[in-house]
């Protein structure tokens, strides 16, 4: 478990890197984010929102419960929410144990999330638990590259420095298998995206949705 209080300098660097990379992520996924996140109404839970890159996509007035365990991110997150008219509540919790009632969220957002949590399977279970029947989980994840590729080799080489720099992020995460085998099984839709060398060793990504089954 990461002790963010002991990693404040590293977290500031991570926050800066997230801000620097926000424009690139917006160029790659902005339209898709706007279509899905922008259509979410009611109460939305966002897991690991970081410095608030997704705040621009919510409709003004949307109630967002931000589960962000790293306090270094909070001031920038609040500023982005205020800038875009989002009704934000920050909870300094980890995604494995969300203080949100069962079936109380109309939507859940988690972008570049599962690669950096201690127990990604438990996080997915929590997402499913808090969603109302019919509710949508929108996700973007970078994933392990195909074997016998240069990118796969590079991921192995940079695994430790990447893990250090981004507070526990793993380059070899298999989000597709995790999502397909979890509580959303059969209701997961995603596209495999190869963003090319521009995205370096995190070029292979998933973008999609998982829907909680209707009651009954």
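Just so it is clear, none of the values below were taken in a lab; they were calculated from the coordinates. Bear in mind that the values here come from a model prediction, so they are computed numbers and not experimental data. With ideal geometry, Cβ positions are generated from the backbone for all residues, glycine too; neighbour counts draw on all protein chains shown.
Quick one: residue 109 ticks every box in (1) buried (at least 22 other Cβ atoms within 10 Å of the Cβ); (2) over 19 Å from residue 123 (Cβ atoms) bar one, so which box is it?
So residue 109 meets the others, but not (2).
For residues that are in contact with a strand residue (DSSP E or B) (Cβ under 8 Å, 6 or more places away or on another chain) and part of a loop (DSSP other than H, G, I, E, B), scanning just the stretch 112-126, find the one that is surrounded by the most Cβ atoms within 10 Å (Cβ to Cβ).
113
Return yes or no: is residue 131 surrounded by fewer than 23 Cβ atoms within 10 Å (Cβ to Cβ) and within 30 Å of residue 163 (Cβ to Cβ)?
In short, no.
For residue 199, only one of the following conditions fails: (1) under 27 Å from residue 65 (Cα atoms); (2) outside any strand (DSSP E or B). What is its number?
The single condition residue 199 does not satisfy is (1).
Determine which member of the set 176, 185, 210, 145 is assigned to a loop (DSSP other than H, G, I, E, B) and within 30 Å of residue 43 (Cβ to Cβ). Let's see the steps before the verdict.
Values: 176 fails: assigned to a loop (DSSP other than H, G, I, E, B); 210 fails: assigned to a loop (DSSP other than H, G, I, E, B); 145 fails: within 30 Å of residue 43 (Cβ to Cβ).
The match here is 185.
With respect to residue 158, determine if the residue is outside any loop (DSSP other than H, G, I, E, B), at negative phi, under 16 Å from the mean Cα position of the chain (by Cα) and touching a residue at least 24 places away in the same chain (Cβ under 8 Å).
no
Quick check on the stretch 26-63: of everything there that is more than 18 Å from residue 83 (Cβ to Cβ) and within 12 Å of the chain's Cα centre (by Cα), which residue is surrounded by the most Cβ atoms within 10 Å (Cβ to Cβ)?
Only one residue fits best here, namely 45.
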